[in-house]
Amino acid sequence: MSNVRFLKGVRTRYRNSIQTEILNGKQILSSEVDKIDEQRFVLEATKCADKLKMYSEKLEIQSGKLASALEDEGEVIDDIVGEDCELCSNVMDCYLDLIQFKERLVDFIKKESIEVKENEFSSQIVELQREMKDIMQSQIKQQHEIFKKQSINEKKILPVL
């Protein structure tokens, strides 16, 4: 009988851990994500999803052990299986929501990163164009000065002849 008590205690601990992680997951999902906190939310969502998966697997194992220990009590086993199935269903819902949330955040972060790189590249191109324009203006100015000097020199040489 002490074995059954131990198995029930371990099962209860896993159920409580799962319920805590489901609440954490719902809190993550309902939070507004600031640009500064994007990476932190990705990590929190991943951590919570991993914990949900781990505790769910452990609960399934523990429920199987408890059902084996209680093989004579069919109604109790049915109640345990029903409770654990409902909880595991909630776990899967929250787990999938967290995974989708994380993927959307990662995609958004990648998109922002690409936009920043494109903006940096565009600004570099604009800067290069400005520099080229300045160089061209300088060359045009130098050519005008050379033409002026040539024309003055030609005028000086012409009267001597």
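Every number in this text was worked out from the coordinates using simple rules, so none of it is lab data. Just so you know, these numbers come straight off a predicted model, no measurement behind them. Don't worry about glycine lacking a Cβ; one is built from the backbone with ideal geometry, like all the others, and counts go over all protein chains shown.
About the Cα centre of the chain, what is the dipole size in debye to 20, counting +1 per Lys and Arg Cβ and -1 per Asp and Glu Cβ, all else neutral? Walk me through the numbers on the way to the answer.
Values: 25 positive and 31 negative charges, 331 e Å.
About 1580 debye.
Step through the residues of the range 23-36 one at a time and calculate ³J(HN,Hα) from phi using the Karplus curve (6.51 cos²θ - 1.76 cosθ + 1.60, θ = phi - 60°), rounding each to whole Hz and writing x for Gly and Pro.
Each residue of the range 23-36 in turn: 4, 4, x, 5, 5, 4, 5, 8, 7, 7, 9, 7, 4, 5 Hz.
I'd like to know which of I114, S56, V42 lies farthest towards the positive end of the charge dipole of the chain, counting +1 on Cβ of Lys and Arg and -1 on Cβ of Asp and Glu.
Toward the positive end, the furthest listed residue is I114.
Taking R0 as 35 Å, what's the FRET efficiency between H144 and K117 from their Cβ-Cβ distance, rounded to 0.05? Could you put the intermediate results ahead of the total?
Values: r = 41 Å, r/R0 = 1.16.
Efficiency computed from Cβ-Cβ geometry: 0.30.
Starting from 0.36 nm per residue, how many nanometres of slack lie between V81 and L23 once their C-alpha separation is accounted for? Walk me through the numbers on the way to the answer.
Values: separation 58, 0.36 × 58 = 20.88 nm, distance 2.20 nm.
Length difference between fully extended and current span is 18.7 nm.
First measure r as the distance between the Cβ atoms of K110 and M54, then evaluate 1/(1 + (r/R0)^6) with R0 = 35 Å and state the FRET efficiency to the nearest 0.05.
On the way: r = 28 Å, r/R0 = 0.79.
Computed FRET efficiency for K110 and M54: 0.80.
I need the per residue convex hull volume for the range 81-161, using only the alpha carbons, in cubic angstrom as a whole number. Present the calculation step by step, with values, prior to reporting the outcome.
Working: hull volume 3.1 nm³, N = 81.
Considering the Cα atoms of the range 81-161, their hull volume per residue is 39 Å³.
Provide V126, V76, V10 in ascending order of the number of other Cβ atoms located within 10 Å of each residue's Cβ, fewest first. Before the final figure, lay out the partial values.
Numbers: V126 10, V76 13, V10 16.
Result, fewest neighbours first: V126, V76, V10.
Mean shadow of the range 31-150, computed from the convex hull of its alpha carbons, in nm²? Walk me through the numbers on the way to the answer.
Working: hull surface 42.5 nm².
Dividing the Cα hull surface by four gives the mean projection, 10.6 nm².
Taking the chain as a Gaussian network, where each spring joins two C-alpha atoms under 10 Å apart, which residue of K141, K111, K51 fluctuates the most?
K141
Measure out, as a whole number of angstrom, how far apart the alpha-carbon centroids of the range 1-53 and the range 107-136 sit.
43 Å
What is the fewest-to-most order of D37, D84 by other Cβ atoms lying within 10 Å of their Cβ? Present the calculation step by step, with values, prior to reporting the outcome.
On the way: D37 13, D84 23.
The order, fewest Cβ neighbours first, is D37, D84.
So, counting K/R as plus one and D/E as minus one, what does the shell of residues with Cβ under 12 Å around K141 add up to? Write down the numbers at each step before the final one.
Values: positive: K148; negative: D134, E145.
Summing Lys and Arg as +1 and Asp and Glu as -1 gives -1.
Taking other Cβ within 10 Å of each residue's Cβ, how do L52, L29 sort, fewest first?
Numbers: L52 25, L29 15.
Placing the least packed residue first, the sequence is L29, L52.
Run the helix sum for the chain: -39,500 (n - 2.57) per DSSP H stretch of 4+ residues, divided by residue count, reported at 222 nm to the nearest 500 deg cm²/dmol. Don't jump to the answer; show the numbers that get you there.
Working: 3 runs with 148 residues, N = 161.
When only DSSP H runs of four or more count, the value is -34500 deg cm²/dmol.
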